[in-house]
Amino acid sequence: GRTMLPATPETVAAFIDAQAETKSRATVERYRSSIAALHRAAGLPNPCADEIVRLAVKRMNRAKGRRQKQAEPLNRTSIDRMLTVMTPERLHRRVLEGEEGAPLIALRNAALIAVAYDTLLRRSELVSLYIGDLQKGADGSGTVLVRRSKADQEGEGAIKYLAPDTMAHVEAWLTAAALESGPLFRPLTKGGKVGASALGDRDVARVFRNLALAAGLKLPRLPSGHSTRVGATQDMFAAGFELLEVMQA
């Protein structure tokens, strides 16, 4: 029953108090930023700059703390363990032999986590990849075009490298699923039918968690959709990469 545009500082403060009861601090901060951007776009005074809103944010920070939880990392060692029982040759052979319950989903999941680790992409960027944007090199490695990302809102695009073993997983998935165009990663029904649309970004975390559990990984927390980004970043630092090189990747 309150006016949305323009919103009063009291309305925004009450909104922050209410949302802070159930949402994470980062989510509420994002909401506040969106409200401020909407008012600026409409040429209206920004209610989020008012002291009453700042106090609401301080209340939230005192209650929740400012430290954000980092995604549980999936390092190279964990990735290799998760892929050990899912080599492209073994899984593809089982599919071609017509084994009941042929592991199409395992082929897709192996390709998904391998691509995620190599590219350091966010979950939303992973599920936005297209088959037509893949290129294979003479040595078995490949590249994939990322058409748009959080850091590239204008869609200039970026090319990401895929190692030969990652390309093998991708090709095994595409061959078994008989896919030649469209979204690279797709949902599957319980009967093994491949969907036409792209896999949902929320499904990425579920896939990572299932793989980690199946591999028997002893992790403090279950992986999230960004765990491969954190793990690959840690591996790069451990290998001696400089901060700017990691940021570029």
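The values are calculated or read from the model by the stated rules, or taken from the named source; none is laboratory data. From a predicted model like this one, the values you see are computed outputs, not experimental measurements. Don't worry about glycine lacking a Cβ; one is built from the backbone with ideal geometry, like all the others, and counts go over all protein chains shown. Ligands, DNA and RNA are excluded from the accessible area calculation, which covers all protein heavy atoms including side chains. Shrake-Rupley method; radii C 1.70, N 1.55, O 1.52, S 1.80 Å.
Does at least one position in the stretch 225-239 carry a residue that is touching a residue at least 12 places away in the same chain (Cβ under 8 Å), surrounded by fewer than 15 Cβ atoms within 10 Å (Cβ to Cβ), small (Gly, Ala, Ser) and not in a loop (DSSP other than H, G, I, E, B)?
No, every residue in the stretch 225-239 fails to be touching a residue at least 12 places away in the same chain (Cβ under 8 Å), surrounded by fewer than 15 Cβ atoms within 10 Å (Cβ to Cβ), small (Gly, Ala, Ser) and not in a loop (DSSP other than H, G, I, E, B).
Can you tell me which residue in the stretch 163-183 is farthest from the chain's Cα centre (by Cα), limited to those that are among the polar types (S, T, N, Q) and in a helix (DSSP H, G or I)? So the residue we want is Thr175. One residue stands out in the stretch 108-122 among those that are aliphatic (A, V, I, L, M) and touching a Ser or Thr at 6+ places or on another chain (Cβ under 9 Å): the one that is nearest to Gln248 (Cα to Cα), namely Leu120. Checked against (1) part of a loop (DSSP other than H, G, I, E, B); (2) among the hydrophobic types (A, V, I, L, M, F, W, C); (3) buried (at least 17 other Cβ atoms within 10 Å of the Cβ), Leu219 passes all but condition (3).
Against the condition closer than 16 Å to Leu104 by Cα and either at pLDDT below 90 or open to solvent by 20 Å² or more (accessible area, probe 1.4 Å) (or both), how does Lys160 come out, does it pass? It is false that Lys160 is closer than 16 Å to Leu104 by Cα and either at pLDDT below 90 or open to solvent by 20 Å² or more (accessible area, probe 1.4 Å) (or both). Contact annotation: residue pairs with Cβ atoms under 6 Å, 6 or more positions apart or on different chains, pairing a residue in the stretch 131-145 that is on the phi > 0 side of the Ramachandran plot with a partner that is open to solvent by 30 Å² or more (accessible area, probe 1.4 Å), are Gly140/Pro164.
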